[in-house]
There are 2 protein chains.
Amino acid sequence: MASLESIRHSLAHLLATAVLEHDPMAHLAIGPVIDNGFYYDIKFSSSFSDEHLPKLQAKMNELVGARLVFERIDVSPAQAREQFKDQPFKLELIDELEQSGQPISLYQTGTFIDLCRGGHVENTQEIPGDAFKLTKIAGSYWRGDENRDRLIRIYGLAFNTKEELQAYEEQMLEAEKRNHKKVGKELDLFTFSDLVGPGLPLWTPRGTLIRHQLDAYVWELRGKHGYERVTIPHITKRDLYEKSGHWEKYGDDLFRINSREGKEYAIKPMNCPHHAQLFDRHPHSYRQMPQRYAETTMVYRDEQSGELGGLTRVLSITQDDSHVFCRHAQVKQEFFRIWDIVDTFYGTFGFSLRVRLSFHDPKTPEKYLGTPEVWKSAEDALRAIASERGADSFEAPGEAALYGPKLDFMAKDSIGREHQVATIQLDMLQPERFDLTCVNEKGEKERIVMIHCAVMGSIERFTAVLLEHTAGSLPLWLSPVQVTVLPVSEGQAGYASDVFEKLKSSGIRAEISTEDSLGKRIRASKVMKVPYMLVIGDKEIESNSVTLESRDKGNLGMIESDELLERLKKEIQERT
Amino acid sequence: MASLESIRHSLAHLLATAVLEHDPMAHLAIGPVIDNGFYYDIKFSSSFSDEHLPKLQAKMNELVGARLVFERIDVSPAQAREQFKDQPFKLELIDELEQSGQPISLYQTGTFIDLCRGGHVENTQEIPGDAFKLTKIAGSYWRGDENRDRLIRIYGLAFNTKEELQAYEEQMLEAEKRNHKKVGKELDLFTFSDLVGPGLPLWTPRGTLIRHQLDAYVWELRGKHGYERVTIPHITKRDLYEKSGHWEKYGDDLFRINSREGKEYAIKPMNCPHHAQLFDRHPHSYRQMPQRYAETTMVYRDEQSGELGGLTRVLSITQDDSHVFCRHAQVKQEFFRIWDIVDTFYGTFGFSLRVRLSFHDPKTPEKYLGTPEVWKSAEDALRAIASERGADSFEAPGEAALYGPKLDFMAKDSIGREHQVATIQLDMLQPERFDLTCVNEKGEKERIVMIHCAVMGSIERFTAVLLEHTAGSLPLWLSPVQVTVLPVSEGQAGYASDVFEKLKSSGIRAEISTEDSLGKRIRASKVMKVPYMLVIGDKEIESNSVTLESRDKGNLGMIESDELLERLKKEIQERT
C-alpha cells in the first residue's frame, strides 16, 4: 500500500494539474506535504476564491479515476529551464538546485510536469478517492517573505480512509470552537496591538493572573527538588554567543543590536549561556553539586511574520526554564526529578503524555555542535533513562537541539490532538565550551554536564494548548474570577456584600454583580466561564446560605456559607 | 558670598592652570562642576599618576592666595581658534558652538585662559583655601566614547568650609566600606561576566531571593489598592514610539533592532506606551475607572559604557512600574494611594523621605512634549497635592519627564546621603497621543490621564542603596539565609538536624553547618551577615532549646525551640 506521505504528495501534483487547467497562466510555487494533507502555493493570473475549489476537486477526482502513472525524468538545469520557461518560481528553484549541485528531476502525470525530487504513488489508482478534500485558501508569500510575491495557498486534507477524513474534520470543527484566539478574546486574556506588532501579545490582568498561577504551580513543584531562582538580563554582547556557538548557528533567528558605541549585542533566544556564566562566577565543590537554577523569563526569536499566529507562534516567548549543573553520575536522578515534576503538572490537567527521544540527524551534522562520540554518549544515556522509567517513547532523528538530544513530551488533549509541551535536554557541549567544572573528591577539576528543562515549554504555547483543551473552562484554581455573587434583587444586597467580603478575605477571587437583571448577570458569568455562581434570595438569607450553581455540574442546591468556603478552598488547594 | 557652584567651577580653571604649568603640552578637554566638587579631563603629553596630585594642589592653593581676577572676554570663532590652536579638544568645541550659533566667551585668570560660558567667582580670594582637595584620578574618554581619545580625569572635592569637607570625606570613607559592589560580592548576590558585558548584572540565587522579596512586598502593599498585574513583551515595532513621541526624543538611548524582514523594532526603555495599548484594547465605562496596571519588568537603555558601574548605572533596569488610568477628578486620590505605599515601604527600612517636584524647564521646551498650558495644569496639580499632603518638598525645574512633571522621592540613608528613589508622574500627554478615553455618565468619550509610578524606582538601584544603607546587614525577612544551625560537635548532629527541619517546614530559610570547627562556622555566618545563629551543645539538648546569637544584638541566651519559631515568624511577618 502506498504511504500516506506519497499519497498526499501526489495529490499536490494533481491539484496543480487542476489549477493549470483552470488558469493556464497561473504561476506555480511549491506544493509540500503537511501534517494533515498538502497545499500548493499559486500566483493566479485572474481572481481566485474558494468558490472555485469544488471545480478543482472534481478535476482531481477525475485524475485519480484516470489511473495515471507518475514518471520520473532526470534532466539537466538547461532542460529544466526550458521546461519551466513560463514559471518564474520554478526557475528560481532550478537556479538554487544548480548552485548547490543537486540533481534535478521532474515528475510527469498525464500531461502535467512538475519540478520534484519525488516520493509519489506509482499510479493515481493508489489514491483513495473519497479520503481527500480541498478545504480552504489562505494568503501567503513566495518564500514566506512579505516583500515578495503575494500568493494563494490552497489547502487539502488527505487520509487513508473516508472515516479518517471524517474523524479529522469533526476534530477540526470542535477545535475551531475552542480556538484559543477566540476563547482568549472572549475571556479577555490577551490582546495584540498594530503599533506593537504581530507576535507580541499584551497580557491583560486576567491573562496575567493565569500565567502567574501556572508559573507559581511549577515553582511549587520545583521547590521540593531544590531549584533556586536566578535573574539574567535579556541582552548580551555578541561574545557570549560566539563562545557558546549560537552566534553562528542561530543565524537569522537572532535579534541583533548595534549599540551607540558600535558594539554588537543580541537579544537572548535562550537562557543557557547566561546561566552558565552565573554558575561560573566562582568554583564549586562537589559537595555543592548539583546547582539547580530556574528562571521564568522571555526569550526572543526573529520569526518570519507570515508564520506568527495567536499564542502558538510568537516573537516574545516566556520560558519556564531551568538548568541543572551536575556531575555525570547525577544525571539520571536529576532527569527523574524533572520527570516527576512534568508528570504531576500535566496529570493535574488530565493530559496524557508520551515521550519523543529527539536525537540528532547524522545526515546533517552541520546543524549541530560537537563530536559524534559526545552525541552517542548523550543519546545512549537518554535511551537508558527512558527505558528505565518505562516510558511510552519513540525516537525521532533530526529533532535534537543544537547542543544535545532531548526528551520531548507530547500531551494528548481532550479532543485527541497531540501537542509538544515539556522538554528535558542533556547538554555535554556547553560545559565544554564554557569550561564548566566542579572540584571533585580528589581536589581535581571535573567536567560537569548541564540539563535544560522547560516544564510548560513556553507559557504562551501552554496557555494556548490549555485553553483549547478546556475550551476556556479553566479549573477553579486557575480561573481569573472564581466566584460571582448574584443577589436576586436590591433587598439582598447587604447580605450578598457580606458573603463577597468573606470570600475576598479568604483569598478567593470573587466578583459581585448587582446591575442588570439576574438573567443578564447569569449570562455574563457564563460567557466568562466563571466556575461558580452564588445566587442569593430571601430564602438563602434566612438559612445563612447561598445557592451554588456550578459551571460544570449545574445547580448544586443551597449550601451554608462556611461550608461553601471550606469546599472552595479545598478545591483550589487540591487543584481539581 | 560666592555660590558653591561658582567656587567649584573656578577651581576647575585653577586645576587646569596647574596642569599646564606641570605639563605645558597637555590637551585640556572639559572641566565641569559635579555634586561634590569638580573634575577636569586631560590628555597628558607625559605619564601622570596620582603622585602628582599634591604638586597640583599646592599650585592651586598658591593661585587662590594670589587673589586673581576672573575676566570674561567675548570673541569671534576665529579669535577663539587662534587662542586654542594647540588645544584640539577646545577646537572641536569651538566648531560646535559656531555651528549652533552660540556666542563664544573665554575666561582669563592670571595667564590662564579657558573656553567657558561663565559662572565664576570674581576673585580667587572668594575661594576658601582649606575647603577643597584633589582626591583621585580615573580613566575617561573624550566625549565618553571609548573609540576616541583616552583621557585622565582629575577629581577634586570642594565645599564652603573645612568642616563640610571633612564631614564629606568621613562619609565617603564609611560609604567605601559599604560599597554595594564590595558587599554584593561578599554576600554572593550578583556578578558580572566579560562575555555578557558591563552594565548587565547576573543575579545569583541569593540576590534573586532579595529582589523577589522586595518585589513581593511592593505587591503586597499595592494589592490593598486594587493594582493588577499585566505582562508585555520587551520589544515593539517603531510605530508605537513614533506615536508616543519617544522614537524622536529618546534618540541614542534606544536600543534599535532591524528584523530579518527589515522591520524596525526597539527594546523598550519604558513601559507606558505598551500599557496604554493594553488599556486601549476595549472601551471602558466610567464605572471601570481607575484601571491600575502594574508590572515588574526590565527596560533597556543604551548608556555609554564609561558611565556604567555596579548596580547604580546598568543597561538592564528592572522597574516595579505601574500605570493608573483614571479620570481627572480621581488624580489626587490615586496620588495619595501611591504616596501611602511609598511611605510605608521606605519607612520599613528606616529611610526618611523628602519630595522633589520635578518640573519642566521653560527655557528648553525642545526637551519636552506638549503645550505650556498642559504643563502648567499638570504642575499646578502636583504642587497642590504636595501642599495638601504637607510634604517636605522643593521644586526643581528641568527634572521633569519627557511627557510630564514628577514627584521624586529622595531618601536619606543611614550615613546621611540622599538618593533619588520612588517617583510618581502625572501624564496628560500620552492619553492625548494615544487618544485614551473612558465613557462618562453622559455616554460621551472623556479624555483620561495616566499616573506613572515606580516604588523602588529600579530594583537594581534600590538594592544598591539598601546594601549601602544597611552595610549588607539586611533585616531578617530579606536575608537570603535567615538562620544557621550550628551544633557544637558531632554529638548534637541529630538534634540540630531536627531543629533545622522544623525551621525549614515553617518556611524559614535555614542552613545547617557541621563541617569545620565551630569557630570557623561562626565566622562564615558572620561574613554572610546571617541574622541569627543557633548554637547547640548538650546543655541546649537537655532543655529542648538553642542558644540564640543575634547578628545585631549579640548573645540572647538560651531559648526554647517552639518559642524561637514564634519569635522568628513574628519578626519576619512584621518586617522589623
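The values are calculated or read from the model by the stated rules, or taken from the named source; none is laboratory data. Note that the coordinates shown come from a computational prediction; the quantities given were computed from them, not determined experimentally. When we count neighbours, we look across all protein chains shown, and the Cβ atoms used for this are built from the backbone with ideal geometry, even at glycine. The area values use the complete protein model at the heavy-atom level, side chains included, leaving out ligands, DNA and RNA. Shrake-Rupley method; radii C 1.70, N 1.55, O 1.52, S 1.80 Å.
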(message) Can you give me the long-range amide H partners of residue A:400? Hydrogens built in the peptide plane at 1.01 Å from N, cutoff under 5 Å, separation of 5 or more residues or another chain.
(response) A:359, A:360, A:361
(message) Calculate the FRET efficiency for residue B:364 and residue B:389 from the Cβ-Cβ distance with a Förster distance of 30 Å, rounded to the nearest 0.05.
(response) 0.55
(request) Every other copy gets compared here: list the nm distances from the residue B:441 label point (7 Å along Cα to Cβ) to its counterparts, shortest first, one decimal. (result) 8.0
(request) Would you mind getting the Kirkwood hydrodynamic radius of region A:4-166 from its Cα pairs, rounded to one decimal in Å? (result) 16.0 Å
(message) Please list, in order along region B:523-539, the HN-Hα scalar couplings obtained from phi with the Karplus expression 6.51 cos²θ - 1.76 cosθ + 1.60 (θ = phi - 60°), rounded to whole Hz, x for Gly and Pro.
(response) 4, 4, 4, 5, 4, 7, 6, 5, x, 9, 10, 10, 9, 10, x, 5, 4
(request) Take A:346, A:107 and sort them by solvent-accessible surface of the protein heavy atoms, 1.4 Å probe, largest at the top. (result) A:107, A:346
(request) With no solvent and one equal point scatterer per Cα, compute the Debye intensity ratio I(q)/I(0) for region A:238-385 at 0.08, 0.16, 0.20 Å⁻¹ and report its log10, rounded to two decimals. (result) -0.31, -1.31, -1.59
(message) How much length would be gained if the chain were fully extended between residue B:92 and residue B:440, taking 0.36 nm per residue of separation minus their Cα-Cα distance, in nm to one decimal?
(response) 119.5 nm
(message) Using only the Cα atoms of the protein assembly as shown, what semi-axes does the equivalent ellipsoid have when each is the square root of 5 times a gyration tensor eigenvalue? Give whole Å, largest first.
(response) 56, 41, 35
(request) Scan region A:60-141 for trypsin sites (Lys or Arg not before Pro) in coil per DSSP, keeping those whose Cβ has at most 10 other Cβ atoms within 10 Å, and list them by number. (result) A:67, A:85
(message) If I stretch the segment between residue B:418 and residue B:72 completely, what's the gain in nm (0.36 nm per residue apart, minus their alpha carbon distance), one decimal?
(response) 121.0 nm
(request) Give me the distance in nm between label points sitting 7 Å out from Cα along the Cα-to-Cβ direction at residue B:21 and residue B:563, one decimal. (result) 7.2 nm
(message) Just to check, using Stokes-Einstein with a Kirkwood Rh over alpha carbon pairs, what's the diffusion coefficient of region B:476-574 at 4 °C and 1.567 mPa s in µm²/s?
(response) 98 µm²/s
(request) Enter the Cα centre distance for the pair region A:146-183 and region B:380-400, rounded to the nearest angstrom. (result) 61 Å
(message) Given R₀ = 51 Å, what would the calculated FRET efficiency be for residue B:501 paired with residue A:516, taking r from the Cβ atoms and rounding to 0.05?
(response) 0.40
(request) Bin all alpha-carbon pair distances of chain B at 10 Å intervals from 0 and give each bin's fraction as a whole percent. (result) 3, 14, 20, 22, 19, 13, 6, 2, 0, 0
(request) Give me the orientation-averaged projected area of the Cα convex hull of region A:373-420, in nm², one decimal. (result) 3.9 nm²
(request) Return the sequence-ordered ³J(HN,Hα) values of region B:218-227 in whole Hz as given by the Karplus equation 6.51 cos²θ - 1.76 cosθ + 1.60 applied to θ = phi - 60°, using x for Gly and Pro. (result) 4, 5, 4, 5, 5, x, 5, 10, x, 6
(message) Placing the label point 7 Å from Cα along the Cα-to-Cβ direction, what are the distances from residue B:416 to the equivalent spots in the other copies, shortest first, in nm to one decimal?
(response) 8.0
(request) Tell me the distances, shortest first, between residue A:85 and the same position across the other copies, using label points 7 Å along Cα→Cβ, in nm to one decimal. (result) 7.6
(request) Give, rounded to the nearest 20 debye, the magnitude of the charge dipole that region B:4-166 has about its Cα centre when Lys and Arg contribute +1 at Cβ and Asp and Glu contribute -1 at Cβ. (result) 200 debye
(message) Once R0 is set to 25 Å, what does the formula 1/(1 + (r/R0)^6) return for the Cβ-Cβ distance between residue B:100 and residue B:371, expressed as a FRET efficiency to the nearest 0.05?
(response) 0.50
(message) Could you work out the percent of alpha carbon pairs in region A:185-468 separated by over 32 Å, rounded to a whole number?
(response) 24 percent
(message) If I take the Cα coordinates of region B:1-58 and project them onto the principal axes, what are the three extents in Å, biggest first?
(response) 38, 22, 17
(request) Tell me what chain A gives for mean residue ellipticity at 222 nm when only DSSP H runs of n ≥ 4 count, each as -39,500 (n - 2.57), the sum divided by the residue total, rounded to 500 deg cm²/dmol. (result) -11000 deg cm²/dmol
(request) Would you list, by chain and number, the lysines whose Cα falls below 25 Å from the Cα of residue B:332, excluding same-chain residues fewer than 8 positions away? (result) B:224, B:376, B:406, B:442, B:445
(request) Pick out, in residue order, every one of the GluC sites (Glu not before Pro) in region B:500-576 that is DSSP loop and has at most 11 other C-beta atoms within 10 Å; say none if there are none. (result) B:515
(message) Taking amide H atoms as placed 1.01 Å from N in the peptide plane, list the residues 5 or more away in sequence, or in a different chain, whose amide H sits under 5 Å from that of residue B:37.
(response) B:158
(request) Any lysines with Cα under 28 Å of the residue B:539 Cα? List them, leaving off those in the same chain fewer than 8 positions away. (result) B:502, B:504, B:520, B:526, B:529, B:553, B:569, B:570
(request) For region A:196-286, just say rounded, prolate or oblate: build the C-alpha gyration tensor, square-root its eigenvalues into a ≥ b ≥ c, call rounded for a/c under 1.5, and beyond that prolate if a/b exceeds b/c, oblate if not. (result) oblate
(message) 5 Å is the cut-off here: which amide hydrogens, built 1.01 Å from N in the peptide plane, fall below it relative to residue A:68, excluding neighbours closer than 5 in sequence?
(response) A:124, A:125
(message) Using a 7 Å offset from the Cα along the Cα-to-Cβ direction at both residue B:219 and residue A:571, what is the distance between the two label points in nm, to one decimal?
(response) 2.5 nm
(request) Give me the percent of DSSP beta bridges within chain B that run antiparallel, rounded to the nearest 5. (result) 85 percent
